[in-house]
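Step one of this worksheet: look at the structure below.
The values are calculated or read from the model by the stated rules, or taken from the named source; none is laboratory data. The structure displayed is predicted, hence computed values, not measured ones. Here Cβ is always computed from backbone atoms with ideal geometry, including for glycine, and neighbour counts include all displayed protein chains.
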Amino acid sequence: MRSRGRRRILYRVKRIVIIGGGTGGTMVANRLRRENDVEELQITVVDRDDAHLYQPGLLFVPFGLERPEGIVRSRREQLHNGIDFRLGEVDRVELEENAVHLADGTDLAYDALIVASGSTLLSEETDGLRGPGWGESVFSFYSLDDATALRWALVDFDGGRLVVNLVDMPIKCPVAPLEFCFLADWFLRERGVRDKVEITLATPLDAAFTKPVAGEHLGGMLEERGIGLETEFATGRVDGAEHRLVSWDEREIPFDLAVVVPLHGGAPFVARSPGLGDDLGFVDVDVHTLQAKAAPNVFAIGDAASLPTSKAGSATHFEAETLCANVERVLGGEEPEGSYDGHVNCFIESGFHKALLIDFNYEVEPLPGRYPEAHLGPLPLLRESRLNHLGKLAFEPLYWHVLLPGREVPGIDATMSMAGKQAPKQGGEP
Ligand SMILES: Cc1cc2nc3c(=O)[nH]c(=O)nc-3n(C[C@H](O)[C@H](O)[C@H](O)COP(=O)(O)OP(=O)(O)OC[C@H]3O[C@@H](n4cnc5c(N)ncnc54)[C@H](O)[C@@H]3O)c2cc1C
């Protein structure tokens with residue numbers, strides 16, 4: 001991301017309240033703090049707990065490749081000096097009052113509000129998911145407790161049908177269930193029991209991934225590894241007693257071990273805040289400026305925002321540049337600029353110490369090529385390589401020491417570039 005330098009926006013101290021001290025909230029708080037003086041801007045981050053979880057690490061916990069305690073740090077300690085961190089549960093936002101109401105009765109008044117409250121796992125929305133069989137044959141890996149519990153189930157799994165299922169979109173990191181399948185294939189081969197296990201990915205999508213070129217490529221990789229793909233499977237209920245997933249149209253998939261990614265929604269306070277969110281509880285924003293449709297001094301970032309791009313830490317990072325600039329503009333009496341293009345990139349761990357990388361935005365789907373720059377970029381796009389795997393591993397220290405502190409990543413722009421990408425020919429083939 002390119003630095004815009006300090007802009008003097010204010011004549012009296014202005015108050016920014018940020019709901020959520022996760023990926024997005026921490027990045028923008030630190031970035032705004034670096035760019036504005038304490039006498040000009042008061043920044044408050046509110047979160048319900050002080051445990052910042054590096055969520056991409058959840059993928060590795062079930063396979064013993066990360067320790068659960070190794071991916072959690074204090075939220076407060078990720079925030080720069082001069083940022084006020086409040087522990088508290090947000091009950092609702094009153095847009096007309098410019099105030100955030102906490103569950104303990106405290107009110108936080110703001111001049112600008114940034115909603116960075118992520119997404120909420122709605123396991124209870126799927127019949128039977130947390131019913132009979134939960135923790136015995138039915139598991140998940142999207143929270144620290146769930147990923148840790150699954151570790152022991154996988155270690156003990158010696159044969160049978162392993163079904164990985166995403167209940168519905170949107171989910172955080174839409175490639176994570178695919179990565180789980182690839183790692184399960186690797187893990188079970190390493191344990192010498194792969195030939196006794198049938199692995200199936202059951203997805204509501206019509207392909208392995210949302211975008212056609214990547215979907216076909218990733219579908220081919222599943223096939224090569226002998227992993228079944230059950231498409232357009234809209235999970236209606238999990239029948240743990242009978243060991244089967246049942247779709248709304250009454251298709252059944254039997255399992256011995258099910259790994260289910262639950263339905264996602266926005267934070268529940270969004271629904272309690274008149275005018276703020278859409279039906280799923282995500283904040284309705286302009287997709288380029290990230291300004292809330294409900295009020296000009298309200299913005300949303302990351303998973304909390306209703307955007308037609310992946311819910312991912314990388315997208316959150318690219319959004320931060322636009323969002324910070326626009327918050328400063330609006331506080332300074334200017335109009336926001338629409339510079340966010342939906343840019344996101346993800347490493348896709350594929351097992352055997354390899355990974356793929358995809359890079360795309362609202363307009364351009366993931367394409368083959370090289371990243372980050374034309375021809376010279378060392379990372380192959382949409383192709384497995386050891387270097388991409390090292391990139392995936394390097395993402396963790398980069399997250400704690402560069403992204404969260406709001407620093408620039410040299411050579412990586414917030415706006416997606418076509419340099420190095422092979423544009424698809426007519427008919428879709430790259
Ligand atoms: C298994 C898995 C693998 C992933 N892998 C990748 C990857 O490889 N690459 C990638 O880019 N992304 C990945 N992601 C996605 C990435 O972690 C998220 O998209 C990113 O963390 C979103 O950041 P956020 O700030 O929007 O939300 P979060 O970081 O989740 O922060 C939201 C915060 O809001 C707080 N909050 C919510 N409601 C309230 C309330 N009422 N009161 C107070 N506080 C509240 C929460 O406590 C939380 O701290 C992965 C996610 C998962 C689950």
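Taking the criterion of being over 28 Å from Phe139 (Cβ atoms), in contact (Cβ under 8 Å) with a residue 60 or more places away in the chain and outside any loop (DSSP other than H, G, I, E, B), the residues of the stretch 55-87 that qualify are Gln78, Phe85. Reported count of residues in the stretch 224-261, each being more than 25 Å from the chain's Cα centre (by Cα) and on the phi > 0 side of the Ramachandran plot, is 3.
On the given criteria, is Gly118 in contact (Cβ under 8 Å) with a residue 12 or more places away in the chain, within 12 Å of the ligand (Cβ to nearest atom) and buried (at least 21 other Cβ atoms within 10 Å of the Cβ)? For Gly118, the condition - in contact (Cβ under 8 Å) with a residue 12 or more places away in the chain, within 12 Å of the ligand (Cβ to nearest atom) and buried (at least 21 other Cβ atoms within 10 Å of the Cβ) - is met.
Within the stretch 326-340, the set of residues being in contact (Cβ under 8 Å) with a residue 40 or more places away in the chain, crowded, with 19+ Cβ neighbours inside 10 Å and away from the ligand (no atom under 16 Å from the Cβ) comprises Glu328, Val330, Leu331, Pro336.
Return yes when Asp168 is more than 30 Å from Arg191 (Cβ to Cβ), acidic (Asp, Glu) and either under 22 Å from the mean Cα position of the chain (by Cα) or crowded, with 19+ Cβ neighbours inside 10 Å (or both) and no when it is not. Taking the combined requirement at face value, the residue satisfies it.
Does Lys196 satisfy the condition of being within 11 Å of the ligand (Cβ to nearest atom) and at pLDDT 95 or above? Here the answer is no, as Lys196 does not meet what is asked. With respect to the stated conditions, Leu356 fails to be touching a Lys or Arg at 6+ places or on another chain (Cβ under 8 Å) and modelled with pLDDT under 95. Of the residues in the stretch 398-407, at least one is modelled with pLDDT under 95 and not assigned by TED's automatic domain parsing to the domain that holds Phe60. Residue count for the stretch 95-107 under the criterion of being part of a strand (DSSP E or B) and more than 11 Å from the ligand (Cβ to nearest atom): the result is 2. Within the stretch 132-145, one or more residues are within 16 Å of the ligand (Cβ to nearest atom) and without any contact (Cβ under 8 Å) to a residue 60 or more places away in the chain. From the list Arg86, Arg75, Arg33, Arg92, the one residue that fits, being more than 16 Å from the ligand (Cβ to nearest atom), within 29 Å of Asp286 (Cβ to Cβ) and of a type in the set (D, E, K, R), is Arg33.
Just one of the listed residues (Leu122, Leu144) is hydrophobic (A, V, I, L, M, F, W, C) and out of contact with any helix residue (DSSP H, G or I) (no Cβ under 9 Å at 6 or more places or on another chain), namely Leu122.
Annotation note: Cβ proximity below 8 Å between a residue of the stretch 291-308 that is farther than 11 Å from Val270 by Cβ and a residue that is β-branched (Val, Ile, Thr) and away from the ligand (no atom under 15 Å from the Cβ) (sequence gap 6+ or interchain) occurs for Gln291/Val298; Gln291/Val330; Pro296/Val330; Asn297/Val330; Phe299/Val327; Leu307/Val287; Pro308/Val287. Taking the numbered list (1) touching a Pro at 6+ places or on another chain (Cβ under 6 Å); (2) within 30 Å of Ile301 (Cα to Cα) in turn, Arg151 passes all entries but (2). Of all residues in the stretch 210-262, those being over 24 Å from Glu190 (Cα atoms) and not aromatic (Phe, Trp, Tyr) number 33. Residues in the stretch 162-193 that are within 14 Å of the ligand (Cβ to nearest atom) and part of a strand (DSSP E or B): 3 in all. How many residues does the stretch 36-54 contain that are under 17 Å from the mean Cα position of the chain (by Cα) and either away from the ligand (no atom under 16 Å from the Cβ) or assigned to a loop (DSSP other than H, G, I, E, B) (or both)? Summing the residues that are under 17 Å from the mean Cα position of the chain (by Cα) and either away from the ligand (no atom under 16 Å from the Cβ) or assigned to a loop (DSSP other than H, G, I, E, B) (or both) in the stretch 36-54 gives 1.
Out of contact with any Leu (no Cβ under 8 Å at 6 or more places or on another chain), small (Gly, Ala, Ser) and either at pLDDT 95 or above or surrounded by fewer than 20 Cβ atoms within 10 Å (Cβ to Cβ) (or both): which single residue out of Gly21, Gly57 fits that description? Result: Gly57 is the single residue among Gly21, Gly57 that is out of contact with any Leu (no Cβ under 8 Å at 6 or more places or on another chain), small (Gly, Ala, Ser) and either at pLDDT 95 or above or surrounded by fewer than 20 Cβ atoms within 10 Å (Cβ to Cβ) (or both).
Pairs are defined by a Cβ separation below 8 Å, a sequence spacing of at least 6 or placement on different chains, a first member in the stretch 21-32 that is assigned by TED's automatic domain parsing to the domain that holds Val115, and a second member that is within 8 Å of the ligand (Cβ to nearest atom) and of a type in the set (Phe, Trp, Tyr); no pair meets this definition.
Scanning the stretch 256-303 for residues that are near the ligand (Cβ under 9 Å from one of its atoms), of a type in the set (A, V, I, L, M) and closer than 24 Å to Phe180 by Cα gives a single hit, Val261.
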